[in-house]
Amino acid sequence: MPTPLSTANKSRWQGRLALTGILGLAVVLRLWHLEQNGYGRQYYAAGVRSMMGSLHNFFFNAFDPAGFVSLDKPPIALWLQVASAKVLGFSAFSVMLPQVLEGLVAVILIYKLVSRRFGEAAGLVAALCLALTPISVAVDRSNNTDSCLIMVLLLAAWALIRATEAASARLLVLAMALIGIGFNVKMAAALVVVPTFILVYMIGTTGLSVRQRFTHIALSIVVLVAVSLSWVTIFDLTPPTERPYAGSTTNNSMLELALMHNGLNRFIRRSSDHASSDSVPERNEGDSTVTTTPPNESDTGPQSRPAKALWDKEPTGAFRLLTPFHAAQMGWWLPFAIVGMALIGLRRQQRSRFAGTQLDLVVWGGWALTYAVIFSFAGGVFHTYYLSVLAPPLAALSGIGCAALWSRYRDGSWRYALPVALVATAAWQLYIEQSYVQWSFDDWRTVLLALSSAGLILTAIGMLVLPQRRVGGRLPAALAGMGLTAVALMPTAWALSTVLVRPNVAAPAANIAALNDIGHGHSSLAESRERVRSRTRRLIGFLKTNRTNERFLVAVPNAFQAAPLIMLTGQPVIAMGGYLGRDPILTPDTLERLVANGDIRFVMLGGFSLGPANTRSERNLADWIVAHGKPVYPAWWPDLSEVSGTPAENGRRM
């Protein structure tokens, strides 16, 4: 007869084995075919290579090896990529690896945070949900900074929960300091959780007066502001001649970048805002003058498949995130989360328990709600992959909900709640998939959806007809396993759409329809990319052969043209107008001085651009180059027009 101790040990090992399996699944989804994504967004990858060259470039988050202009994001996440590249060498894998590891850490953290209060089963389900969430898989397979932000916010949530339990000012300060670090990962995007954190500490701490709580919160906010603005302040206080130009700003100020480009502009769209490093216009079919992304960065070009959308055009409103496409990114288990929250939130508990389970619900529910409101009504730049920050709280709530439903089913107090949640989940999946299936059994997606729905409904029926006296046996556990497998089928298929098919690496998002592209168009796309690589190598060869003592290899209009040259050579390349080509970095007078000092010999005009020149500084600079430069013989100056769709003028020798 097994003893309680042996039973506990067996349960512990089973839990560890299950967690290992979930982590293994997460690893496979994040590493399999990762090489197809290349370096991801070349803009960031070029910055990583530039920062590897000097501590000055590293600290100031320089885009180019000469420290001419900075990236338009804060540095923490990119510093981790630089560290990986230093250890493993600069490669596509070393640039992508930190995001994979950050995603795995997030899965472990969500398991730890949920299981400590709601039990191991809840933690395992939460971890599984996060591991399979399609948008999480997509983001963890890119070199965007969201994976790092999510990891930091989960660490902050851990510090907050511990601070509330212990009524500890030090732990609350730690939580806010971690959010400050998150600000240095993705600026204002990290601050959305602050109101929730303050609310949790105010209503959750015991043994402190209201005045003491306010004092702790005030101290933590001071630390939050200090940590958040530390790097920004140092950057702006450094004389402009001793640091890069602050990319994507008009006044060379990192504070402006935080408040405007990465702040208000995310919520209010201006008519003059064509694009940003997080906003690239979608290519219109038949338009040969508008392109979406630079060569090698996305599936664009005359001979490739239609370009994938880079920014989300769904209208703002309360139901924006409930559209099937958005729900498919992160909301597959929403019925479990809602029903589970209701069961726990409405249950009468002692004050000590209220400060635990119900306050954890406030943490996760507040996190999810605040971001959902922001994303629903943000009228500025919005990308589907932003939804990845909603994945952890929704995964936590889903795990908590599943465990609560299972517990109520077994004790008979809410016996019908779990079957109802299973049927509701089946209906929710049908809603999500309504636009993606052909409702024909010749369509594999229809078959998969039918298997998932049938599994959920059969599980619900089996649990309803099972006598109460047998709910403690093995059959209910087997039914629960079948239901969990059924609910995981569709999100796994969506996640695989970013694994088996190369997504838009600049703005990744899952789409089950992409799985129909497997084997289609890859040869022409590979040929197109090889032509680009060949032309780029020829251009680099020409520039190196004809370079004498110039400081810069070449000057180009924007960062899109500069990024591949920096990645391949590690040499200084001037992006004259910063990321978009619109930053007022150079004037004709400053360019003339650079030429006179022998810093620049070759300049490129035209080529890939996100739009026509529309600022006076751009036009003045181009006019001066045309007036003072001598055209380079076209055969010696390969351009990328075949893929970019925008003809480049011949290079100019100054």
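Go through the stretch 166-194 and give me each residue that's of a type outside the set (A, V, I, L, M) and within 22 Å of the chain's Cα centre (by Cα). Even if it seems obvious, please write down each step before you answer.
Residues of the stretch 166-194 of a type outside the set (A, V, I, L, M): 168, 170, 180, 182-184, 186.
G180, G182, F183, N184, K186, listed by residue number.
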Single residue of the stretch 326-376 satisfying the filter (of a type in the set (K, R) and either assigned to a helix (DSSP H, G or I) or at pLDDT 90 or above (or both)) that is surrounded by the most Cβ atoms within 10 Å (Cβ to Cβ): R353
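In the stretch 179-218, what count of residues is obtained for those that are under 24 Å from Q358 (Cβ atoms), assigned to a helix (DSSP H, G or I) and open to solvent by 30 Å² or more (accessible area, probe 1.4 Å)?
So the first thing to find is which residues in the stretch 179-218 are under 24 Å from Q358 (Cβ atoms), and the list is 179, 192-210, 212-214, 216-217.
Restricting the remaining residues to those that are assigned to a helix (DSSP H, G or I) gives 179, 192-204, 210, 212-214, 216-217.
Next cut, open to solvent by 30 Å² or more (accessible area, probe 1.4 Å) only: 195, 198-199, 202-203, 210, 212-214, 216.
The qualifying residues number 10.
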Residues that are in contact with a helix residue (DSSP H, G or I) (Cβ under 6 Å, 6 or more places away or on another chain), among the small types (G, A, S) and modelled with pLDDT of 85 or more, drawn from the stretch 1-46: A18, A26, G38, A45, A46
Filter result (among the polar types (S, T, N, Q) and free of Cβ contacts under 8 Å to residues at least 40 places away in the same chain) within the stretch 216-239: T233
Filter result for V27 (β-branched (V, I, T) and either buried (at least 23 other Cβ atoms within 10 Å of the Cβ) or assigned to a loop (DSSP other than H, G, I, E, B) (or both)): no
Residues of the stretch 569-582 classified as at pLDDT below 90 and either among the acidic types (D, E) or open to solvent by 20 Å² or more (accessible area, probe 1.4 Å) (or both), total: 2
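State which residue is most open to solvent (accessible area, probe 1.4 Å) when the search covers only the stretch 410-446 and only residues that are part of a helix (DSSP H, G or I), among the β-branched types (V, I, T) and in contact with a helix residue (DSSP H, G or I) (Cβ under 7 Å, 6 or more places away or on another chain). Break it down stepwise before answering.
Filtering the stretch 410-446 for residues part of a helix (DSSP H, G or I) gives 410-411, 417-433, 444-446.
Now narrow it down to the ones that are among the β-branched types (V, I, T): 420, 423, 425, 432, 446.
From what's left, in contact with a helix residue (DSSP H, G or I) (Cβ under 7 Å, 6 or more places away or on another chain): 423, 425, 432.
On the way: V423: 72, T425: 0, I432: 0 Å².
Restricting to residues being part of a helix (DSSP H, G or I), among the β-branched types (V, I, T) and in contact with a helix residue (DSSP H, G or I) (Cβ under 7 Å, 6 or more places away or on another chain), the top hit is V423.
Would you check if V487 is open to solvent by 40 Å² or more (accessible area, probe 1.4 Å) and either without any contact (Cβ under 8 Å) to a residue 12 or more places away in the chain or on the phi < 0 side of the Ramachandran plot (or both)?
Details: open to solvent by 40 Å² or more (accessible area, probe 1.4 Å): no; either without any contact (Cβ under 8 Å) to a residue 12 or more places away in the chain or on the phi < 0 side of the Ramachandran plot (or both): yes.
No: the conditions fail for V487.
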Enumeration of residues in the stretch 417-436 that are out of contact with any Phe, Trp or Tyr (no Cβ under 8 Å at 6 or more places or on another chain) and of a type in the set (V, I, T): V420, V423
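Just checking, does the stretch 612-629 include any residue being at pLDDT below 65, in contact with a Pro (Cβ under 6 Å, 6 or more places away or on another chain), part of a loop (DSSP other than H, G, I, E, B) and among the polar types (S, T, N, Q)?
Keep residues of the stretch 612-629 that are at pLDDT below 65, which gives 612-614.
Okay, now just the ones that are also in contact with a Pro (Cβ under 6 Å, 6 or more places away or on another chain), so none.
Looking through the stretch 612-629, none of the residues is at pLDDT below 65, in contact with a Pro (Cβ under 6 Å, 6 or more places away or on another chain), part of a loop (DSSP other than H, G, I, E, B) and among the polar types (S, T, N, Q).
Is it fair to say V595 is over 25 Å from S50 (Cβ atoms), open to solvent by 20 Å² or more (accessible area, probe 1.4 Å), in a helix (DSSP H, G or I) and modelled with pLDDT of 80 or more? Steps first, answer last, please.
On the way: over 25 Å from S50 (Cβ atoms): no; open to solvent by 20 Å² or more (accessible area, probe 1.4 Å): yes; in a helix (DSSP H, G or I): yes; modelled with pLDDT of 80 or more: yes.
Here the answer is no, as V595 does not meet what is asked.
The values are calculated or read from the model by the stated rules, or taken from the named source; none is laboratory data. This structure is a prediction, so every number in the text was calculated from the model and none was measured. Glycine also receives a Cβ, built like all others from the backbone with ideal geometry; neighbour counts cover every protein chain displayed. Each accessible area value is taken on the protein alone, full model and side chains, heavy atoms only, with ligands, DNA and RNA left out. Shrake-Rupley method; radii C 1.70, N 1.55, O 1.52, S 1.80 Å.
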